[in-house]
Structure formats: structure tokens, C-alpha cells
Amino acid sequence: MFLCVFFPGAGGGNDIQWCFSQVKGAVDDDVAEADIISTVEFNHSGELLATGDKGGRVVIFQQEQENKIQSHSRGEYNVYSTFQSHEPEFDYLKSLEIEEKINKIRWLPQKNAAQFLLSTNDKTIKLWKISERDKRPEGYNLKEEDGRYRDPTTVTTLRVPVFRPMDLMVEASPRRIFANAHTYHINSISINSDYETYLSADDLRINLWHLEITDRSFNIVDIKPANMEELTEVITAAEFHPNSCNTFVYSSSKGTIRLCDMRASALCDRHSKLFEEPEDPSNRSFFSEIISSISDVKFSHSGRYMMTRDYLSVKIWDLNMENRPVETYQVHEYLRSKLCSLYENDCIFDKFECCWNGSDSVVMTGSYNNFFRMFDRNTKRDITLEASRENNKPRTVLKPRKVCASGKRKKDEISVDSLDFNKKILHTAWHPKENIIAVATTNNLYIFQDKVN
């Protein structure tokens, strides 16, 4: 099934046509809470795509080898491995349930035949090894073929065990469990460019871990006040710089981003740079502080820029300029007049993520009504697309969607009042090397790709 839509400039100047490729997940309108997708992440080659859900499961899809006959299609993604990463727990000291929901997945660069990934829920981070097995040993001396042990006194001859081919089996095994280091809920994990350490961030603290050491971590940021009544902001996201192993950033609920250098001191309570945009007094309202809270921060692949997502916009910052972003893109400005009702139904607290394409020329983020937005940094053009099963007729052109904010609505426009705020795209991912994107609606994963001529 293919759907096409033109998006000028996304692939470096040439017109791109976005096509529907696949959709994963059940069609039912009645969605089980455990099936709601909570994170989406491509690995470094783009061959594997991992999703985590509220039921604590991780599902990994693998891209099939390209089919030479179907030249219009790249390899599809099919289920490679599914495993239960986290189980629900109970903290008896605090009488709190710990959800099994997967908050984040991060892949480690591949060093051998196996793949490794980190997954985290609110409290515990796990390092998983995903490996393949297509041979099994046969011909043990002390064991029968069915696994029963033999009496050593009955063994009269020794034989050399041999490996026999078997059906491919993909095994996921937990290699490390990093626990008991966070009092508050973990919102971010980020692997350092040294590939030996990683950070984990909760509402008030950031810890630095070594991938081989599970029983201790170093606290590198602590913004907890001595008196919790004086608490004015929380940490919302954190990420390591892609090339500079001593640099990381963290964002706050007040709309600021702090860049820290771990060479300066062991506890990075003094930031090296503070990125903050002065507020426009004309837009000041009761909701200003809520909508300025940053829900995601991502460095560009080059490491020169970083992107932040707040409730209504995406901002691109140059690391050399702290006082304002170099680019600001309005994601759904038409919702500014609806903030009161969005506050009442709690949608104003939704945490939208954002991502870069492989060449840092296009950024993508989600919106409501299962819409997602792309912004071309070179041409300054933007587009709104929809992830929907209804449009998935083969080779139908998927028209860009438009939302009518006020006044008379044109034929192909959608009124703001008819948007479905229960359908939202919070999690998106872009293939690191190709124009393939993964977009998570509530319990479905949509995969789109550019049309191959």
C-alpha cells in the first residue's frame, strides 16, 4: 500500500513525495491501556526500529532486505523480537505503585553481531542484549538429546559435540540492571559519545552511569531545594552532545535550557550556558508558564544546533547564541485561543517529542488529530500530514492537511473545533540515513517513506 505527498526540499532541494508504507498494531477502537506506544527509536543504522509501550513491552522491527522486483518499495519493517522489559512493581516504603511503562529506549552503537539497547521505566534502567542463534550443539557426553543427565559410569566412549543448524531464534537477555538511583520519575536517558557512560534524568536530578557498573552512579545535577516549598522548576529532558563527551544539556519546565561542561566540576550545578528567549509581553497569559515548559530537547547530528519543543512551537538554537533561537516554527498556533479548554481536559500537559532528519535539514514533530508537522529549514516551507488508516488506499495521493483557525472554512480545511484531542502524535522517529519516518498514534505505528522512482 502506498500513499504519496509532495514535500519540497526535505531531501536537499528536490521535491520529496511522502508515501504510506506500513501500519502496525490492532485496528480496534477499543484500545487497551497496555498497548499505548510510549517511545519510538531507530538504531544507528536504521535497520532496526524499537517501540516501547505502557505494558512494559519492547517490540523490535527489522527492515527486510530490499526487494529487487518491487523497485518502488524499500524493505518493509517486520517484527524481529518482542520481550517484556519491565514489570509493575510496588515501593513498600512509599506505598507507591511503579508503572511498567517504557519511558525511553536508546540504542548503543553495534560493536559485534549482537545489538544492545537501554530501556527505562520510571525507576529502573535495563541494558538488553538482542542476539541471534541459528545453530545448536548436539552430541553431549553427559546429557541425552532430550536434556536428561546420564550416569557418568555408563559413558564408555567420548564424542565431540557438534553444532547443527536450527531455525533462527532471536533472544533478548537483560545484561545489566541499573536501579535504586532515582527518587523521582526518570524522563530521559542519553548515551555519551564515549559509548562507555550514559546519563539518566528525573524531575530534580541527573545521574551519570558507567555501562559496566550497576551499583553506583554519580550525581551530576541536583536542583532539589532544601525546602521543597521553594521548588519553582523541574528538569523535563536531558541529552549528551553527539561529539563532545563532556557536554550535555537539560531543559526545564520554565522554558530554559542549560548547557553544562563536566570538566568544570564534579557537580554541574553551575551551567556553562543558559539558553532562554525573553517572553513576548503581548502573549502573556495565565497559561504562559505551562506552555513554555520544554517537553523535548535534541541535538542536531552535527552538534552545532539543538532543537527544543514546547507546547505550541519548535525552536532551533545555535549553541553559540544563548539569547534567542535562530529559528522558531509554530506547530499549532491555532490552539492559542483554545488553551482554556486544553487546560481543563489536561491536554495542555501533553509532552510532544521532536526529531531531526539525517542531514539536519528538516525537523518533525507531532500534533493533535493524528497530524504531524515537518519544517524545512532551507526553504522555510512546512507541511501537515495525517497518520490515518482511512486514507490508506493503494497509490492514493495523501493531501497535505490544513486547519482553519477562524473565519470561513475552505472545502479542504479542517475546523479547529472539529479536531480530536484524544488522537495525538507524541512520539516520532526519523531513519538516520534515509527518508523513512516512524510515527506513533495511540496504539498504532505508522511507517512512511519517500517515493522511490
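Once Lys and Arg get +1 and Asp and Glu get -1 on their Cβ, which of SER38, TYR140, GLN115 lies farthest toward the positive end of the dipole of the range 24-168?
Selected residue: TYR140.
Using only alpha carbon pairs under 8 Å that are at least six residues apart, calculate the relative contact order of the chain and give it in whole percent. List each step's numbers first, then the result.
Values: 1085 pairs, mean separation 66.2, N = 453.
It comes to 15 percent, rounded to a whole number.
What aspartates and glutamates sit close enough to LYS298 to cross-link, taking a C-alpha to C-alpha distance under 15 Å and skipping anything fewer than 8 places away on the same chain?
Once the sequence-local aspartates and glutamates are set aside, what remains near LYS298 is GLU41, GLU239, ASP310, ASP318, GLU327, GLU353, ASP360.
When the accessible area of the chain is computed with all protein chains present and a 1.4 Å probe, what percentage of it is carbon and sulfur?
Details: 11050 of 22990 Å².
So the carbon and sulfur contribution to the accessible surface is 48 percent.
Hey, got the dipole for the range 313-453? About the Cα centre, +1 on K and R Cβ, -1 on D and E Cβ, debye to the nearest 20? Don't skip to the end; give the middle numbers.
Values: 23 positive and 19 negative charges, 131 e Å.
I would put it at about 620 debye.
Would you mind calculating the relative contact order of the range 156-275 from Cα pairs under 8 angstrom and at least 6 residues apart, reporting the percent as a whole number? Let's see the in-between values first.
Details: 213 pairs, mean separation 21.0, N = 120.
Computed over the range 156-275, the figure is 17 percent.
Give the cross-link partners of LYS423 among the aspartates and glutamates, using a straight C-alpha distance below 12 Å as the criterion and excluding same-chain residues fewer than 8 apart.
Straight-distance partners of LYS423: ASP29, ASP350, GLU386.
Which of the lysines could a cross-linker bridge to LYS123, judged by Cα under 21 Å and excluding same-chain residues fewer than eight apart?
LYS54, LYS94, LYS101, LYS104, LYS224, LYS351
Please list ILE316, ILE290 from largest to smallest accessible area, probe radius 1.4 Å, with all protein chains kept in place. Numbers along the way, then the final one.
Numbers: ILE316 0, ILE290 45 Å².
Descending order: ILE290, ILE316.
Give me D for the range 109-202 in µm² s⁻¹, whole number, from Stokes-Einstein with Rh from the Kirkwood sum over alpha-carbon pairs, 20 °C and 1.002 mPa s.
Values: Rh = 17.1 Å.
It comes out at roughly 125 µm²/s.
What is the dipole size for the chain, taken about its Cα centre, with +1 at each Lys and Arg Cβ and -1 at each Asp and Glu Cβ, in debye to the nearest 20? Could you put the intermediate results ahead of the total?
Details: 58 positive and 67 negative charges, 250 e Å.
Computed about the Cα centre, the dipole is about 1200 debye.
To the nearest Å, what is the center-to-center distance of the range 287-306 and the range 199-247, using C-alpha atoms only?
17 Å
Let me have the relative contact order for the range 285-390, percent, based on Cα pairs under 8 Å that are six or more residues apart.
Details: 181 pairs, mean separation 19.8, N = 106.
Reported relative contact order: 19 percent.
Select from MET306, SER293, SER361 the residue farthest towards the positive end of the dipole of the range 293-394; place +1 on Cβ of Lys and Arg, -1 on Cβ of Asp and Glu, and compute about the Cα centre.
SER361
Per residue, how much accessible surface does the chain expose to a 1.4 Å probe? Answer in Å², no decimals.
That works out to 51 Å² per residue.
How much solvent-accessible surface does LEU168 expose, in Å² to the nearest 10, with a 1.4 Å probe and all protein chains in place?
The accessible area of LEU168 comes to roughly 110 Å².
Could you rank TYR149, TYR195, TYR80 by how accessible they are, 1.4 Å probe, largest area first? Don't jump to the answer; show the numbers that get you there.
On the way: TYR149 180, TYR195 95, TYR80 40 Å².
Result of the area sort, largest leading: TYR149, TYR195, TYR80.
Just by accessible area at a 1.4 angstrom probe, what is the order of ARG175, ARG263, ARG106 from largest to smallest? Intermediate values should be presented prior to the final figure.
Details: ARG175 115, ARG263 175, ARG106 35 Å².
Final ranking, largest accessible area leading: ARG263, ARG175, ARG106.
To the nearest 20 Debye, how big is the dipole of the range 312-373 about its Cα centre, given +1 on the beta carbon of each Lys and Arg and -1 on that of each Asp and Glu?
On the way: 6 positive and 9 negative charges, 34 e Å.
In total the dipole reaches around 160 debye.
Rounded to the nearest 500 deg cm²/dmol, what is the calculated helix-only ellipticity per residue at 222 nm for the chain, with -39500 (n - 2.57) per DSSP H run of length n ≥ 4?
Numbers: 2 runs with 11 residues, N = 453.
My calculation for the chain gives -500 deg cm²/dmol from helical runs alone.
Report VAL59's accessible area, 1.4 Å probe, all protein chains in place, as a number in Å² to the nearest 10.
Looks like 30 Å² after rounding.
The values are calculated or read from the model by the stated rules, or taken from the named source; none is laboratory data. This structure is a prediction, so every number in the text was calculated from the model and none was measured. Note that each Cβ is placed from the backbone with ideal geometry, even for glycine, and that neighbours are counted across all protein chains shown. Only protein heavy atoms, including side chains, enter the accessible area calculation; ligands, DNA and RNA are left aside. Shrake-Rupley method; radii C 1.70, N 1.55, O 1.52, S 1.80 Å.
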